[in-house]
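Heads up, the thing below is written out as structure tokens.
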Amino acid sequence: MRKHFWTVLYLALIFFVSGAASQLHAQGFELGAQLAVHDLPELGETHAGYGFRFTYSGYPPFLALDSEINFFPTSSTGNLGETQVFVGLRAGAHIHRWGVYAKLRPGFEDFGGGGFPQRLTSGTHFALDIGGVIEYDLVPLVALRLDLSDVLTDFGGATLLAGPGYVGAPLHTQRNFQTTIGAVVRF
């Protein structure tokens, strides 16, 4: 049993070291574009939008500075319209064609579409994006990227003035699921 443990540990170490070494080529910049979906049940909305990202992968090779901006337009169904900006750390490994990462990025969300003044008492709120990232390299410098996030938004004492959603009660801090899918190009 002990022999199997050391064999598995040794193989895992070799796999990790070879993966870390293969990621050294990934140092540099990434630019990308994505489609995003953000579920906001407390506001009675599910936003679909688009965005852009910039990432700097430095040394050590498993850490990166990751930033993103997303735009969710106002719609005729009453969506408030939303802009998100996040900047933070991404950590993980890129082995062969696959990358798996965790991310922690503070930022803000700004609600401000055409129906905003009649529905929400304040517009800009601190937000924290916590989640995971999966990348798949299509070719050496182009990859598909899927992000799954839990976005914590601190609405503070802001209240929703008109439905759908939690009308009249302070919203406080809310956790909402968000996913983005897009492409990145490395330089």
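The values are calculated or read from the model by the stated rules, or taken from the named source; none is laboratory data. Since we're looking at a predicted model, the values are computed, not measured. Quick reminder, even Gly has a Cβ in these numbers, built from the backbone with ideal geometry, and neighbours come from all protein chains shown.
A few remarks follow.
- Of the residues screened, TYR56 is one that is assigned to a strand (DSSP E or B) and surrounded by fewer than 17 Cβ atoms within 10 Å (Cβ to Cβ).
- If you go through segment 20-45 and keep only what is modelled with pLDDT under 85 and surrounded by 14 or more Cβ atoms within 10 Å (Cβ to Cβ), you end up with ALA20, SER22, GLN23, ALA26, GLN27, GLU42, LEU43, GLY44, GLU45.
- Failed condition for VAL167, given (1) buried (at least 18 other Cβ atoms within 10 Å of the Cβ); (2) without any contact (Cβ under 8 Å) to a residue 24 or more places away in the chain: (1)
- The single condition among (1) among the charged types (D, E, K, R); (2) closer than 24 Å to THR173 by Cα; (3) out of contact with any His (no Cβ under 9 Å at 6 or more places or on another chain) that ARG145 does not meet is (2).
- Qualifying residues in segment 80-125 (those that are within 18 Å of the chain's Cα centre (by Cα) and hydroxyl-bearing (Ser, Thr, Tyr)) - the one modelled with the highest pLDDT: TYR101
- Looking only at residues in segment 126-164 that are part of a strand (DSSP E or B) and over 21 Å from GLY32 (Cα atoms), the one that is modelled with the lowest pLDDT is LEU160.
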